[in-house]
Structure formats: structure tokens, C-alpha cells
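Read through the structure below, which is laid out as C-alpha cells, and then see the notes.
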Amino acid sequence: MGARRADAERNIAAILEAGRRVLSADPGASVMQVAKEAGVGRVTLYGHFPSRESLVAAVVSHTVELAGTTLAGLDLDTPPAREALATLVRSSWDVLSQHSRLFLAADAALPAERLRERHAEPLGRVERLISRGRDEGAFRTDLPLTWLVSTFLAILHTAAGEVEAGRLAREEAGETLVRTLDALLSPPPAPPL
């Protein structure tokens, strides 16, 4: 039984890594292309992931987990919130841009709520940072926190789509995101007296 479980775990790991590579190269790749890249048969892949949607969801979760490991080393608590936000956005973009086509596959295959669930940990980091920025007076308080977090995620995914479509240069996207999100989160100007 132990050897069988170890084989299953190796197959799952191979499928997730193959899915990350294949779907990052071609968001429309088939389940069979992923199985071939992973070195497993169709039956084995479907035994672990009964649909393309479940495969894409698992690959996204796996990729977000890998990205989370990279982003976990960032110090977002010491610098002022605006500076920490810029650091987070640049680092997030570096990770996201490596997998932008995978996230396009996820946008097409997964309902928005399931996609958001897959981003729970990084979105928690964003929520804590925005909340701290609001406490510091650096970020707006006139819009719901959950809306600001959702908009943050949507803008990152939109940037990936714009880069993929050739309407935004990949090397400019990080700074474009920093400026866009800073403008989104900045408190509105005081009304004239």
C-alpha cells in the first residue's frame, strides 16, 4: 500500500509540474498534452483529476503555492505601506509574468469564485497590507476593503492579459502596475472648501 501511495504522489507531482509548464506555454493545451509531458497515461491523469477544470484548478493552486513561497520572504511589515505595496506588486508581477499564460487558462476554465479561492493566501497578504495602509492614512477608506483587494487581483490578471495580447510590454508592466495600484489605493482628494 505504501509503494502505491508513493507512486500516486509522484504522479500527482509530475502532473502538476507538467501542467504548470504546458499551460504556461499554451493556455488551451489539452489534458492529453499535460499527461504526455508528465509521462503518465490518460487514465492515470483522470484518476487524479477527473476534469480539465479540476486539473487547471490544481495547477493554479500549485503555482500560487510556489509563488507564495517566493513572496513569503518579503518584508511587508517594516516599510511604510505604500513602499511595501510597491515591493509586493513588483515581486508579484515577477512571479505572475512567468506564468501569465497559465492564469489566462485559469480565467477561461474556472469560475471567478474558484479562482479567488485559489488565491486566498496571497490575497490575505494584500488585505493585511491595504488595511495597514488605511490605518496609516496612506490608502483610501471610502471603498470597502474587500473591493480593493478584489480589484488588486483583477488588475494583476488584466496586466497579464494585456502583456499576452502585446498591448503592454512585459518589461514595463511591473511599474505600470505599481502606478495603477498606487492611484487606485490613494485617498481621494479633499473636497474644495
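If you check A57 against the conditions, is it hydrophobic (A, V, I, L, M, F, W, C), loosely packed, with under 13 Cβ neighbours inside 10 Å, under 16 Å from the mean Cα position of the chain (by Cα) and closer than 23 Å to V149 by Cβ?
Against the criterion (hydrophobic (A, V, I, L, M, F, W, C), loosely packed, with under 13 Cβ neighbours inside 10 Å, under 16 Å from the mean Cα position of the chain (by Cα) and closer than 23 Å to V149 by Cβ), A57 does not qualify.
Which is basic (K, R), surrounded by 11 or more Cβ atoms within 10 Å (Cβ to Cβ), in the same structural domain as S92 (by TED's automatic domain parsing) and in contact with a Lys or Arg (Cβ under 9 Å, 6 or more places away or on another chain), of R179, R140, R170?
R140
If A35 meets every condition in (1) within 22 Å of L102 (Cβ to Cβ); (2) buried (at least 20 other Cβ atoms within 10 Å of the Cβ); (3) within 18 Å of the chain's Cα centre (by Cα) apart from one, which number is that one?
Exception for A35: condition (3).
The values are calculated or read from the model by the stated rules, or taken from the named source; none is laboratory data. Small disclaimer: the values here were computed from a predicted structure and weren't measured. We place every Cβ from the backbone using ideal geometry, glycine too, and count neighbours over all the protein chains shown.
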